[in-house]
1. Inside the range 191-204, can you point out the residues that are open to solvent by less than 80 Å² (accessible area, probe 1.4 Å) and either free of Cβ contacts under 8 Å to residues at least 60 places away in the same chain or of a type in the set (Asp, Glu) (or both)?
2. Of the conditions (1) touching a residue at least 12 places away in the same chain (Cβ under 8 Å); (2) within 16 Å of Val249 (Cα to Cα), Gly48 fails just one. Which one is it?
3. Would you confirm whether any residue within the range 126-147 is open to solvent by less than 20 Å² (accessible area, probe 1.4 Å), within 30 Å of Asn63 (Cα to Cα) and in contact with a Lys or Arg (Cβ under 7 Å, 6 or more places away or on another chain)?
4. In the range 112-184, which helices (runs of 4 or more DSSP H) lie fully inside it and hold 1 or more residues that are more than 28 Å from Leu221 (Cβ to Cβ), touching a strand residue (DSSP E or B) at 6+ places or on another chain (Cβ under 6 Å) and at pLDDT 90 or above?
5. Name the residues in the range 165-190 that are in contact (Cβ under 8 Å) with a residue 24 or more places away in the chain and either of a type in the set (Val, Ile, Thr) or open to solvent by 100 Å² or more (accessible area, probe 1.4 Å) (or both), would you?
6. Residues in the range 58-104 that are closer than 30 Å to Ala263 by Cα and of a type in the set (S, T, N, Q): how many?
7. Going by the structure shown, is Leu86 in contact (Cβ under 8 Å) with a residue 40 or more places away in the chain and either part of a helix (DSSP H, G or I) or within 21 Å of Ala176 (Cβ to Cβ) (or both)?
8. Can you tell me which residue is modelled with the lowest pLDDT among those in the range 220-249 that are part of a helix (DSSP H, G or I) and surrounded by fewer than 18 Cβ atoms within 10 Å (Cβ to Cβ)?
Amino acid sequence: MKNRIYPFYFSLGAVALYTLFIVIPGLMGIYLSFTDWNRYSSEIHFVGLKNFELIFAQKNYWNSILNTIIFTVATIISKTVIALLLALLLSKGLKRFFNFHRVMIYLPAILPMIVVGIVFRSILHPTTGILNVFLKGIGMDVLAQHWLTNPHIALYSVIAVDTWKGIGYIMVILLAGLQVIPTEYYEAAQLDGASPWHEFWQITLPLLMPTLTVTTVLNLLYALKVFDIVWVLTNGGPGYATETVYTVVFKEFSKGRYGVSTAFSSLLFVIMSICGYWLIKAMQRNESET
């Protein structure tokens, strides 16, 4: 203890704030999820698992969970793949104007979500939107769609917008991971006659796995609690086509059904904890094998 650079009590302030604003409210939320807390009564009664039974009995709640899973899987894959390709392109190919390209790709990540939503609601408008006007202008009318009002494609339109906004952030993290890989490995591989494809699979990907673990977990935690981009673009519609867990939580809370809303949040917390733990363990196992 005496040989440590910083005494442990230096962290007490941060721990106290974290406990006050995160741990205690979280524990209170878990408790309130087992009650009938609502805006129409000043009394709170313990109701056990009734709120959770209601969640699993409602079809639209199940639909929001399914949409959240689809959104999570699709955005993790699309952001990771595209961001990795861009990071490899910048680190290996586009040496000229490197900083300019990096800034331009990262720029959407710093835009406020409400601004992105308003802009893309205009771009994806079925009649006056730039995308459909462009498609019709080049004679590809068949590809023009009701991007945000067709229940069959609305969720995928939201996924595409979110991917566009998020790939720059993931790319910067992966680019940092690529830049710390020693060049000696690549030089040795080239002397042995390895192709760029073999270099990627045998050197780049294994050594980039810790960085990929970080980006995947960040993507997972963000996607499971996604709310803002969905709400700005579609409000969860049309119907329940783009409803996610947190849009349901927001709507239930707005209706004054605080107990049900808190139960849904607690359920999502458990899912996030299990998925995050499993994902970290799985990727750490892959790191040790490589």
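The values are calculated or read from the model by the stated rules, or taken from the named source; none is laboratory data. Only a predicted model underlies this, so the values are computations on that prediction, with no experimental measurement involved. Backbone-built Cβ (ideal geometry, glycine too); neighbour counts: all protein chains shown. Side chains are part of the model used for accessible areas, which takes the heavy atoms of the whole protein and leaves out ligands, DNA and RNA. Shrake-Rupley method; radii C 1.70, N 1.55, O 1.52, S 1.80 Å.
1. Result: Gly193, Ala194, Ser195, Glu199, Ile203.
2. (2)
3. no
4. In the range 112-184, there are no helices (runs of 4 or more DSSP H) which contain 1 or more residues that are more than 28 Å from Leu221 (Cβ to Cβ), touching a strand residue (DSSP E or B) at 6+ places or on another chain (Cβ under 6 Å) and at pLDDT 90 or above.
5. Listed by number, the residues that qualify are Ile167, Tyr169, Ile170, Val172, Ile173, Gln179, Ile181.
6. 8
7. Yes.
8. Out of the qualifying residues, it is Leu221.
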